[in-house]
Amino acid sequence: MNRTLIGVAIASALLLTTGCSKKQNAQVSAPQVTVAVAETGYSAASALEQEARAQLKTLLSMMEQARAKNIDVTREETLVWFSQEFLKFANWDEANPKAIEQAFGYERYYADDKVELAAALPDFERQKVIDILTKGIDVLGQELRGEIKRRPVNKVDWQGTKASDNMFISNGKPIFLYDYFSKSVGQPLTNTDVYNDHLGALYHGGENLYPTDHDRAINSFLLKEDGTFDQELMKELTDIPDTNIGFLYYWIMGIPEWVEKQEPEVRKGRSLFTGFDIDNPLVRDVWGKIIHETGRLTKGKKVTELGFVLANEPHWYAEKGHWTANFEEMTSISSYTLNKFRDWLDNKYASDIAALNSNWGTSFTSFETVAIEIPIDPALQGQPIWYDWSRYNMDRSTDWFTFVQNELHSVNPDAHTSIKVMPRMFMYDSRSGGIDTEALAELTTMVGHDAKAFGSENIRPGKSSEWIEKYAYSWGMVAMFHDFMESVAPDKINFNSESHFLSSGQWRDLDTRTSYVRSVYWLATLLGMDANTGWFWARDPDGSPEDRLEGDLDFFDPGLGGAYAGSNNMQPHVTNEVTQVMFDLNSFSEEIIALREQMRPIRLFYSETTAINTDDYMTKGSKLYEELFFEGLPLGFVTKNIIEKQDNSDWETVVVYNNPNVTDAEFDALQSYLGAGGTVIVDSKSLLLNEYGQKRTKKLKAGKGKLITLEPSADLAKIKQVALAQVTEQMPDVVIAEDNGEAYKTTTWRTIKQSDGTYLVNILNVGHNTAKLDLTLRNGKPVTVTDLMTGNSLDSTFELASEGVLLLEVKSH
């Protein structure tokens, strides 16, 4: 295991403690710690805390000066709040070393060093408080001296924000909502130490993963065997105050024993967060009643403004050897699932059992006798039986969510819906998980997911971090997924209901860079994210870990406890930066929306058919996406459905790359687009086979359009060259030349011409190195450049640090 990051964190924190007096308190309860610090004052506090509190005093004095000059100090108010909170947290952590050791011990990456880390953590937190206060004092000082001018924060109206067609509106302007998923469970929603402008104030319903399913959740246990509802459990839902906006979860992890007694097969085909067979008729009856009643009771309530999350990370991996088998997922299927598969096959093969037998190499006498081994052997990928099962597995899950949404809309037709789709269901090569990302984005009224990024290398042995060779963080996981979802559903709100930008099961870094935090949240918002609830906030107001993290974690597994170690709950600099970047994004929300809502002239053709049949589809596709990402143009995707349902004038060129297997319907959609005057660039390997690997005799014909067939030798650079040549008229007026010391680009930018003739330009450097940038206009006219974040002028040639973010106004002379 690579211990570098741990060693740096321990060493830096231990160095900070040198010469500092330590509190000598024995382990005491959190309230006693708070009282002790309050009563004894600075004399009993560490030298670092004394330094931090002196800086707090300085900043508070400067804030009074700023208020007298009508300078907005919202940013500083949040900085003060987080500083005070984390100083309190550091004292709790210092007084309770065994609890912190236990937290580090649950995460195997930290377990061997848990004692040293627990000892170092309090002063690590204090030093980070000092760091953010030092920066805050510097920035506010600049504004007080007139050296910069910041735009006042456009604060979220947590009570009055409304969902519009494809954005949230607060006080008449677009707003980007922020909060935390799984937030201090057990704390009342009215607790302003947990629900506020600093952490976010969205009211959640049903996010309690462990251990009971019963915290403000819409869950299977609401309905009793006699057909009545458990009113005590229902009160968890109906007692949510109708003050703040929020969202509700359908938490479908469990199923009552009385259902299992009536339906012994009810858990066959379950998955991790879906604890029952979605094809079971009793399950549908139970959930239909629950959805009707909860939908009726919550209709029009503010807690539903962000809608109903219909499932948490749904997946039904059904292949042998998949990691989900550790949780006994999809180790078999129910008779209901099998019979529905038989019906699906009957329809697919037009009741011709001979055609199925020919395809599968079987000898079934009828569709009623068709059998399949589940989990299926991945060696069968590329064969008809693999395709049919994988396609059916997707269709059946879409059918379940269609049922759920229809039941809700039967009693509450205006209710918003989303599904927390894991990006891996699209971004990874595997397609055995039963999720059609496009179909679900089309189905629900909001786009839902839990997009993530890696801010440092993967901490799990044997896991790749190939991206780190070129880039500061895994921007591609964020960008490509958002561009796909926004292509499928451009007119829908994009809700990341569990953003894993700060940590996840595969990465965390105690000393996470604030520049990374700013860049990744900015990138995701620029590319479509309208609301996010981050993973996760687990500190109670007294500094202790929330209820589920106290004591021995003897439920499920210690995964939740492992999530606490090295997370934002120990990182004042990270947690503060999240809110600071959201403040800045909301201050420029109209500009961000303008940059978003542009034509995507180059579209990459995406085929679920090839994705199912091959084992490297997304790996190859992401390489082409990367090649095109740094050219100043918004990128997009097309599919059969997008071509058929959306205005084809929204793009100029479709690139068909590495799509050997497509259905006849997909082929016909491309031909229709070409025939109507579109431009298609196709490589020599694409469109040759149908979904069963059978050769296609048809070839694309240009018709009224333009067909460009690439030579077999065409590499990604050649494809980019050909694609860009088709969109010369759509290329941005603003041109940025980059010198980052490498042979590849790392700076991405977006630009749009505003009504007053100026250009709005957003630039992000996702590389390791500082980039020297030269900004010009395509027409050669001289320019004046203004940094909108500071109000200061820039030369047209300037530098942008690694993970730097700029929002500029460019005027031509």
Going residue by residue through the stretch 522-537, is there one that turns out to be of a type in the set (Gly, Ala, Ser) and closer than 29 Å to residue 191 by Cα? yes
Within the stretch 437-449, restricting to residues that are outside any helix (DSSP H, G or I) and open to solvent by less than 10 Å² (accessible area, probe 1.4 Å), the one that is farthest from residue 519 (Cα to Cα) is 444
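For every residue, the table says whether it meets (1) within 27 Å of residue 305 (Cβ to Cβ); (2) crowded, with 24+ Cβ neighbours inside 10 Å; (3) of a type in the set (A, V, I, L, M).
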site	(1), (2), (3)
498	yes, yes, no
502	yes, yes, yes
514	no, no, no
541	yes, no, no
594	yes, no, yes
Of the residues in the stretch 148-179, those that are closer than 23 Å to residue 576 by Cβ, of a type in the set (Asp, Glu) and in contact (Cβ under 8 Å) with a residue 24 or more places away in the chain number 1
Filter the stretch 125-166 for residues that are in a loop (DSSP other than H, G, I, E, B) and hydroxyl-bearing (Ser, Thr, Tyr); the one that is nearest to residue 244 (Cα to Cα) is 161
Here, strands (runs of 3 or more DSSP E) confined to the stretch 633-688 with at least 2 residues that are hydrophobic (A, V, I, L, M, F, W, C) and closer than 25 Å to residue 750 by Cβ are 635-638, 653-656
Original post:
On the given criteria, is residue 708 surrounded by 15 or more Cβ atoms within 10 Å (Cβ to Cβ), touching a helix residue (DSSP H, G or I) at 6+ places or on another chain (Cβ under 7 Å), under 30 Å from residue 682 (Cβ atoms) and without any contact (Cβ under 8 Å) to a residue 40 or more places away in the chain?
Top reply: yes
Picked from the stretch 412-427 (must be over 22 Å from the mean Cα position of the chain (by Cα) and open to solvent by 40 Å² or more (accessible area, probe 1.4 Å)), the residue nearest to residue 306 (Cα to Cα) is 414
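Residue under question is residue 247, and the condition is that it be within 30 Å of residue 376 (Cα to Cα), of a type outside the set (Ser, Thr, Tyr) and under 30 Å from the mean Cα position of the chain (by Cα); does it hold?
No, not satisfied.
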Taking the stretch 184-242 and the residues there that are outside any loop (DSSP other than H, G, I, E, B), touching a Leu at 6+ places or on another chain (Cβ under 9 Å) and within 24 Å of residue 535 (Cβ to Cβ), the one that is modelled with the highest pLDDT would be 200
Counting only strands (runs of 3 or more DSSP E) wholly inside the stretch 711-813, the ones holding at least 1 residues that are closer than 26 Å to residue 586 by Cα and open to solvent by 40 Å² or more (accessible area, probe 1.4 Å) are 747-753, 783-787, 792-794, 797-800, 805-812
Restricted to the stretch 381-401 and to residues being open to solvent by 40 Å² or more (accessible area, probe 1.4 Å) and in a helix (DSSP H, G or I), the residue farthest from residue 311 (Cα to Cα) is 395
Flag for residue 360 being touching a strand residue (DSSP E or B) at 6+ places or on another chain (Cβ under 7 Å), under 19 Å from residue 693 (Cα atoms) and either open to solvent by 30 Å² or more (accessible area, probe 1.4 Å) or not aliphatic (A, V, I, L, M) (or both): no
Review point. Has the stretch 630-651 got at least one residue that is out of contact with any strand residue (DSSP E or B) (no Cβ under 6 Å at 6 or more places or on another chain), within 19 Å of residue 709 (Cα to Cα) and open to solvent by 40 Å² or more (accessible area, probe 1.4 Å)?
Key: no
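Results for (1) of a type in the set (D, E, K, R); (2) open to solvent by 30 Å² or more (accessible area, probe 1.4 Å); (3) in a strand (DSSP E or B); (4) farther than 17 Å from residue 275 by Cβ, shown as yes or no for each residue.
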{"site": "294", "(1), (2), (3), (4)": "no, no, no, yes"}
{"site": "300", "(1), (2), (3), (4)": "no, yes, no, yes"}
{"site": "306", "(1), (2), (3), (4)": "no, no, no, yes"}
{"site": "309", "(1), (2), (3), (4)": "no, no, yes, no"}
{"site": "316", "(1), (2), (3), (4)": "no, no, no, no"}
{"site": "340", "(1), (2), (3), (4)": "yes, yes, no, yes"}
{"site": "344", "(1), (2), (3), (4)": "no, yes, no, yes"}
{"site": "354", "(1), (2), (3), (4)": "no, yes, no, yes"}
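The values are calculated or read from the model by the stated rules, or taken from the named source; none is laboratory data. Since this is a predicted model, take the numbers as computed values, not measurements. All Cβ positions, glycine included, derive from the backbone under ideal geometry; neighbour counts span all protein chains shown. These accessible areas exclude ligands, DNA and RNA; they are computed on the full protein's heavy atoms, side chains included. Shrake-Rupley method; radii C 1.70, N 1.55, O 1.52, S 1.80 Å.
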